[in-house]
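Enquirer: Can you read through this structure? Questions will come right after.
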Amino acid sequence: MMKTNYILALKALFVYVCGRDKTSFSRLNIYKQYFASRYFQKSLQFFLVLLSFSAIPQHMYAAVDRGISISVNNPSAPAGNNVVFTLTAINNGTSPATGVTVTDILPSGFTYLSSSASQGTYDNTTGIWSVGALAAGDDATLTITATVNVAGSYQNTVSISGTEADTNNSNDNASVTVTPSVSQPVFAAGSSSSRCQDTGRITYSATAANSTGITYSISPLSAGSINAMTGEVIWSGTFSGTATISASAAGTNGPSGNTHTVTVNPLPTASISYGGVPYCRTGTVAVMLTGQTGGSYSSTTGLSINSSTGEINLASSTAGTYNVTYSFSNGNCNNSTDATIIINDIPSVVITEPAQVCNPATIDITGSNITTGSTAGLTYTYFLNDAATIALTHPETVAETGTYYIKGTNSSGCSDIQPVQVTINNIAATLTSSAGAVIQGNNFTLTTGADTDYEIISWSPTALFADQTAKTQTATLKDSSTTFTVIAVSEDGCRDTATVKVALAGGAKDLFIPNAFTPNRDGNNDAFKVYGSTIIGAEIKIYTQWGALVYETNDNTKGWDGTSKGVAQPVGTYIYVVKIRTSDQDTFLKKGTINLIR
């Protein structure tokens, strides 16, 4: 019994001092009753005697408990940021620990920057921290600064080792995990953008570090629809104002959001028109513009258009249908509008002048011979003016010389108007006699005339005129009044006839006009009169030698009594002009002087 107690006491001592048998150490409670027994005390004295003779190696009785821990200052640092790992090596045992080393090889998710150790050195290439010795209860620290390379979750694991046996291996390894937080989404288009109001598809994509996915939304909904996965927006053509594109990134410590503001500027508006009807290729036409001004005009080839004003030169354009584009801007947005214009060719009216005719003939300007060579199929109208506002009533019987106008219109309503010259040649011949009534046997002169250059081709009575082409003739009357006729012809061949009647003064031998009278009231030659058996009337006018009218009367029986307005006129010479009418209805003038004697 005593032997057994000594053996158990020695076992308890061995466990206490050496601690080499972990199983026995775990059953330390079984033997603790022996620590206070007299057998343990005796065994301890015996064991100490052995130690004094160095009979037992030191490691047989050492108690070392190495431990390692690791922490990180920011376990959710995003990619691109730096983190600081803090490693703490500790000897929790009662005996010194020697040859202590710590291994920390940084994972691929980190890039080494620097390190600082309170004890020993760290080789970042091998990941070995050579700590050295740690007294019982002492510790040492190492800080490692590194950059988080990429998004993801990375675990940094460390381990500790040393020369002595470790009484507790459970704290020989430690690790810490860095899982970066999801970053705020960043839009490729920046924080804001602007666009012009219209339909269209635009993708507003964003990226976020450490994100497991990004979803998108738009506000207000009236702005358009958005693909929640891609950020593609189908814009509403009626929306203008401010729209907000939101991006939400999922991930650690997420979601993380950001917005992109889109200013949708209203489009400028305008409309143009050129009247909406086809035009003929003549003149110009102005554009009718409403809305935004200051734009420019363009069209397809063939249209002559002013790019600044939009005015079209129809005459310089080629016939056809054209699309005119008006491009304009309000400073923020551009827009355009279109209009169609149709230009038709104008026809060609070719005029052949009609042959001249002589009055009273007329000219027909409606005949096809007048417009031969004109565009086929035209409808013709006739006018007195080139503006075609005064119609010619009877173009088929034009009777007056002048310029008239023929307008030809095609099926498109386009027309050409050209002048046509009508010449109605006319000659107005005249024949005058030097005396209206002549005394038988007295000569008188017949004179021809006309309103144009002319020649005389005949006189009648033919027997009286040997020279039938003379323009003046001298003739006499024999026994009666005679009507003389002449035919004149113009250079263009037109003829006219003129006549004049020369009266034979009846009783010509007894026609008497005194050359003096004596108005003294003695009953003899008291008045100036005209005397003759065939005279039925006479108009008497008396003038002074200076041409002043002093007296006139239609009563030949009364004559002139030598007064003027009841006042006796002075003695002298006066001029008379007497228009005599004879019984055969001839009329002729007589002029001369009369002496007033008292």
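Enquirer: Which of Lys501/Lys565; Lys501/Lys591; Lys471/Lys558 have a Cα-Cα distance over 31 Å?
Expert: Lys501/Lys565; Lys471/Lys558
Enquirer: In whole Hz, with x marking every Gly and Pro, tabulate ³J(HN,Hα) for the range 336-349 from phi via Karplus 6.51 cos²θ - 1.76 cosθ + 1.60, θ = phi - 60°.
Expert: 8, 9, 10, 8, 10, 9, 10, 10, 9, 5, 8, x, 10, 9
Enquirer: If you don't mind, another one. Compute the length gained on full extension between Ile536 and Thr242: take 0.36 nm times their separation in residues and subtract their Cα-Cα distance, giving the result in nm to one decimal.
Expert: Working it through step by step, the gained length comes to 94.1 nm.
Enquirer: Let me ask something else. In sequence order, what are the phi-derived ³J(HN,Hα) couplings for the range 263-280 according to the Karplus relation 6.51 cos²θ - 1.76 cosθ + 1.60 with θ = phi - 60°, rounded to whole Hz, with x for glycine and proline?
Expert: Once rounded to whole Hz, the list reads 8, 9, 7, x, 6, x, 10, 6, 9, 10, 7, 10, x, x, 10, x, 10, 8.
Enquirer: Further, regarding this structure: Can you tell me the dipole magnitude for the chain around its Cα centre, using point charges on the Cβ only (Lys, Arg +1; Asp, Glu -1), in Debye to the nearest 20? Intermediate values should be presented prior to the final figure.
Expert: Details: 28 positive and 37 negative charges, 545 e Å.
It works out to roughly 2620 debye.
Enquirer: Also, quick follow-up: Among the aspartates and glutamates, which fall within straight-line cross-link reach of Lys541, defined as a Cα-Cα distance under 14 Å, with same-chain neighbours fewer than 8 residues apart omitted?
Expert: Glu552, Asp555, Asp561
Enquirer: Please figure out what share of the DSSP beta bridges in the chain is antiparallel and state it in percent, rounded to the nearest 5.
Expert: Among the beta bridges of the chain, antiparallel pairing accounts for roughly 90 percent.
Enquirer: Here's a follow-up. Taking the Cβ-Cβ separation of Thr177 and Ser217 as r and a Förster radius of 51 Å, what is the calculated FRET efficiency to the nearest 0.05?
Expert: After rounding, the FRET efficiency stands at 0.95.
Enquirer: Oh, and also: Below 8 Å, C-alpha to C-alpha, sequence gap of six or more: please give me the relative contact order for the chain in percent.
Expert: Normalised by residue count, the contact order of the chain is 6 percent.
Enquirer: Here's another thing I want to ask about it. Checking the table Lys529/Lys579; Lys478/Lys529; Lys529/Lys590 against a 23 Å threshold on Cα-Cα, which pairs fail?
Expert: Going by Cα-Cα distance, Lys478/Lys529 fall outside the 23 Å limit.
Enquirer: If I model a spin label at Asp345 and Ser193 as a point 7 Å from the Cα along the Cα→Cβ vector, what separation in nanometres do I get?
Expert: 5.3
Enquirer: Just need the Rg to Rh number for the chain, please, alpha carbons only, Kirkwood Rh.
Expert: On the Cα set of the chain, Rg over Rh gives 1.74.
Enquirer: Using only Cα atoms, locate the centre of the range 249-313 and the centre of the range 71-148, then give the distance between them in Å, rounded to an integer.
Expert: 70
Enquirer: Something else: So who's got an amide H within less than 5 Å of the one on Ile128, skipping anything under 5 residues away but keeping other chains? H placed 1.01 Å off N, in plane.
Expert: For Ile128, the qualifying residues are Asp104, Asp123.
Enquirer: Using amide H atoms built 1.01 Å from N in the peptide plane, name the residues 5+ places from Lys501, or on other chains, whose amide H lies under 5 Å from its own.
Expert: Phe484
Enquirer: Straight-line reach from Lys407: which aspartates and glutamates fall under 16 Å, measuring Cα to Cα and dropping same-chain residues less than 8 apart?
Expert: Leaving aside aspartates and glutamates fewer than 8 places away in the same chain, those within reach of Lys407 are Asp345, Glu353, Asp364, Asp386, Glu396, Asp416.
Enquirer: Name the long-range amide H neighbours of Gly213: under 5 Å, sequence gap of 5 or more, or other chain; modelled H, no Pro or chain starts.
Expert: For Gly213, whose amide H was placed from the backbone, the distant partners under 5 Å are Ala250.
Enquirer: If each DSSP helix of 4+ residues adds -39,500 (n - 2.57) and the sum is divided by the residues in the chain, what number results at 222 nm, nearest 500 deg cm²/dmol?
Expert: On the way: 4 runs with 44 residues, N = 598.
Taken over the chain, the calculation gives -2000 deg cm²/dmol.
Enquirer: Further, regarding this structure: If you count the DSSP beta bridges with both ends in the range 186-265, what percent of them are antiparallel, to the nearest 5?
Expert: Of those bridges, close to 85 percent are antiparallel.
Enquirer: Could I ask something else about it? Where both residues lie in the range 270-344, what percent of DSSP beta bridges are antiparallel, nearest 5? Each step should come with its number before you reach the end.
Expert: Working: 21 of 23 bridges.
Around 90 percent antiparallel, to the nearest 5.
Enquirer: Can I ask one more? So, in nm, how far is label Ala548 from label Thr447 when the simple model puts each one 7 Å beyond its Cα toward the Cβ?
Expert: The two pseudo-label positions are separated by 3.2 nm.
Enquirer: For the pair Ser159 and Tyr112, what calculated FRET efficiency results from E = 1/(1 + (r/R0)^6), where r is the Cβ-Cβ distance and R0 = 22 Å, to the nearest 0.05?
Expert: 0.75
Enquirer: If you don't mind, there's one more thing I want to ask. Mind giving me the FRET efficiency for Glu353 and Thr499? R0 is 45 Å, r the Cβ-Cβ distance, nearest 0.05 is fine.
Expert: Step by step, r from the Cβ atoms, then E = 0.80.
Enquirer: Which whole-Hz ³J(HN,Hα) couplings does the range 152-159 yield from phi under the Karplus relation 6.51 cos²θ - 1.76 cosθ + 1.60, θ = phi - 60°, glycine and proline marked x?
Expert: Residue by residue, the range 152-159 yields x, 10, 10, 10, 9, 10, 10, 9 Hz.
Enquirer: Next question. For Asp364 and Asp492 in one chain, what is 0.36 nm times their gap in residues minus the Cα-Cα distance, to one decimal in nm?
Expert: 44.1 nm
Enquirer: Here is a follow-up. Choose one of Thr167, Ser116, Ile90: the residue whose Cα lies farthest towards the positive end of the charge dipole of the range 66-178 (beta-carbon charges +1 Lys, Arg; -1 Asp, Glu; about the Cα centre).
Expert: Positive-most Cα among the choices belongs to Ser116.
Enquirer: What nm distance separates the two modelled labels at Asn124 and Ile105, each placed 7 Å from Cα along Cα→Cβ?
Expert: Calculated label separation equals 1.8 nm.
Enquirer: For Thr282 and Ile457 in one chain, what is 0.36 nm times their gap in residues minus the Cα-Cα distance, to one decimal in nm?
Expert: Between Thr282 and Ile457, full extension yields 57.6 nm more.
The numbers here are math on the coordinates, done by the rules we state, and not lab data. Here the structure is a predicted model, which is why all the values come from computation and not from measurement. Neighbour counts run over all protein chains shown; Cβ positions are idealised from the backbone, glycine included.
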